[in-house]
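Please treat every number below as a calculation from the coordinates, not as lab data. Here the structure is a predicted model, which means the values were calculated and not measured. No Cβ is skipped: glycine too gets one built from the backbone with ideal geometry, and neighbour counts run over all protein chains shown.
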Amino acid sequence: MVQKAKILLVDDRAENLLALEAILSALDQTLVRAASGEEALKALLTDDFAVILLDVQMPGMDGFETAAHIKRRERTRDIPIIFLTAINHGPHHTFRGYAAGAVDYISKPFDPWVLRAKVSVFVDLYMKNCQLKEQAALLRLQLEDGPAGSNGSGGDSAEPLLAELSARLASVEEQAETLTKQLDNSSETAAAATAAHLERKLVALRAALDALRPGTVVD
């Protein structure tokens, strides 16, 4: 059974949280509420999230400060953040959001379909990344232990799993490439930078996977 991804919704107004839940319920993922920046940071201590929808205007710790804390933590720094705001102060306000680490910055009222589509991209990438990690862990165990009576040599038995992992990675690489092409002509430079960052991580993962193949010589 595939585990659902978690999406963190951060807003100090209950009616806004209800609206977000109504919009995102069609994605059939786990929606987690946080009524303040402090609550969001507490939730991030124990759970992993595919994406964070973060309101900018909140009493106490606002969205910018909350995002700064999230990006300073090694465990959470790579979680995509989509800023939501009801106030448009002009380009400098948007740039501040991107500087705080946001992958997108959406002004209210927003198009529900557009928001849902953007969130679904990050959920899909998160789920595929989780699948790759699980497959990599299984492969590592197989390579380390090997089948009984094989004197610890699990290279041959691990080859089918290695091929499956390579195919899964190829699927993610193709999706990341498509996302990057879509963003090349977009004005959303921060989102494009995030896609490029993802592609770099995939290149590193591909190199690590290739190094596991039998007979591979590592420089």
Which of Q57, L17, T76, positive extreme of dipole for segment 6-110 (C-beta unit charges): T76
Alpha-carbon Debye profile of segment 6-110, log10 I(q)/I(0) at 0.15 Å⁻¹: -0.55
Number of Lys pairs in segment 3-127 with C-alpha atoms less than 23 angstrom apart, excluding same-chain neighbours closer than eight positions? 9
